[in-house]
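Worksheet for the structure shown next.
Throughout, read-outs are computed from the coordinates displayed, never taken from laboratory work. This is a predicted model, so every value here is computed, not measured. Cβ placement follows ideal geometry from the backbone for every residue including glycine, while neighbour counts extend to all protein chains displayed.
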Amino acid sequence: MNVYAIADLHLSFSVGPEKSMDMFGNAWVNHAERLKANWEKIITDDDLVIMPGDFSWALKLEETGPDFAYFNALPGKKLMIRGNHDLWWAGVSKMRKLYPDIIFLQNDSYVPEHEGDTAPFAVIGSRGWLSPGDNEFKEDTDRKIYERERMRLELSFKSLGEAKYDRLICAIHYPPQGFMDLFEQYHVNKVVYGHLHGENAFKNGPEGLINGIEYRLVSLDRLNCVPQLIMKGV
């Protein structure tokens, strides 16, 4: 199994051309078709693809059928967390019943089936939020949400219980600056995140090795519609 990641698919099959991403520049023109072609070249049914949020422009879960039909037709196992534009996101039990082939993370974690006592990796995750120090962070409106997202991320960590694994991957939608202390506390190995779009924004998120943790920005336009390999042969 290889593990890949790509965020911010922003699919609009469910809502129509008025939500096409083409208006946001060349990186988004025909992005769903380009992603499909690249995905089918590199990903097999044995692989896992982590999707850190902003999957669909649909407003309600019942409207997401065309977007999930596209997604489910692609090879590989898929794991998803919520992004800020995933307004369709509903109770996790309801989502899992409607789309049983998708791994939805919400205050919990994922450990793949494995032989022996130790899994090759585990995945935790949450949406995250604007962090204190961000230019757009407003103390009166964002502080409460930020603290709640920290709590949800800790619930995801703690859901692992006594599970044994070699590597710990965290998927978070927002840039992770305000959560890096938690990643270090819980000994995360890799963090994948999205949300940032365009060359001017890409520089606002950490990338590379920081305090022993590898950070990767995997928004679709940052990756030019090619899912990024984050763990090989696990």
Revision key, fill the gap. Relative contact order as a percentage, segment 3-231, C-alpha pairs under 8 Å and 6+ apart, gives 22
Exercise for review: Report the extension gain between ILE145 and ASP166 in nm, rounded to one decimal, defined as 0.36 nm multiplied by the number of residues separating them, less their alpha carbon distance.
Suggested key: 4.4 nm
Study note, to complete from the structure: In nm, the gap between the two label points placed 7 Å beyond Cα toward Cβ at LEU155 and ALA90 is 1.9
**Study point:** MRE, 222 nm, helices only [DSSP H, n ≥ 4, -39500 (n - 2.57), over the chain, to nearest 500]
**Key:** -7000 deg cm²/dmol
Exercise for review: Please go through segment 109-159 and write out the GluC sites (Glu not before Pro) that DSSP classes as loop and that have at most 11 other C-beta atoms within 10 Å.
Suggested key: GLU113, GLU115, GLU136
Exercise for review: May I ask you to evaluate 6.51 cos²θ - 1.76 cosθ + 1.60, the Karplus curve with θ = phi - 60°, for each residue of segment 190-195 and list the ³J(HN,Hα) values in order in whole Hz, giving x for glycine and proline?
Suggested key: 9, 10, 10, 8, x, 6
Review point. Where in the chain lies the longest segment free of trypsin sites (Lys or Arg not before Pro) that are both loop residues by DSSP (not H, G, I, E, B) and have at most 11 other Cβ atoms within 10 Å?
Key: 61-137
Study note, to complete from the structure: Partner lysines whose C-alpha sits under 23 Å from that of LYS36, ignoring same-chain residues fewer than 8 away, are LYS19, LYS77, LYS78, LYS232
Point to revise | segment 208-228 residues near the modelled ALA37 label - backbone nitrogen below 16 Å, point 7 Å along Cα→Cβ | key: 224-227
Study note, to complete from the structure: The answer for SER14, listing residues at least 5 apart or on another chain whose modeled amide H is closer than 5 Å to its amide H, is ASP67
Study note, to complete from the structure: For the pair LYS60 and LEU229, the simple spin-label estimate (label points 7 Å beyond Cα toward Cβ) gives in nm 4.4
Review point. Out of residues 5 or more away from ASP166 or on other chains, whose amide H comes under 5 Å of its own, with H placed 1.01 Å from N in the peptide plane?
Key: ALA119, PHE121
Study note, to complete from the structure: For VAL49, other-chain or 5+-apart residues with amide H closer than 5 Å (H placed, Pro excluded) are TYR4, LYS77, LYS78, LEU79
Practice item. With a ≥ b ≥ c taken as the square roots of the eigenvalues of the C-alpha gyration tensor of segment 49-157, please select rounded if a/c is under 1.5 and otherwise prolate if a/b is larger than b/c or oblate if it is not? Key: oblate
Practice item. Starting at the first residue of segment 88-95, write each ³J(HN,Hα) from the Karplus equation 6.51 cos²θ - 1.76 cosθ + 1.60 with θ = phi - 60°, in whole Hz, x for Gly and Pro. Key: 6, 4, 10, x, 5, 5, 5, 5
Review point. In the set (i) 13.9; (ii) 12.6; (iii) 11.6, which value of mean projected area of the Cα convex hull in nm² was calculated from the structure you see?
Key: (ii)
**Study point:** By average C-beta atoms within 10 angstrom, highest first, the peptides 44-52, 180-188, 3-11
**Key:** 3-11, 44-52, 180-188
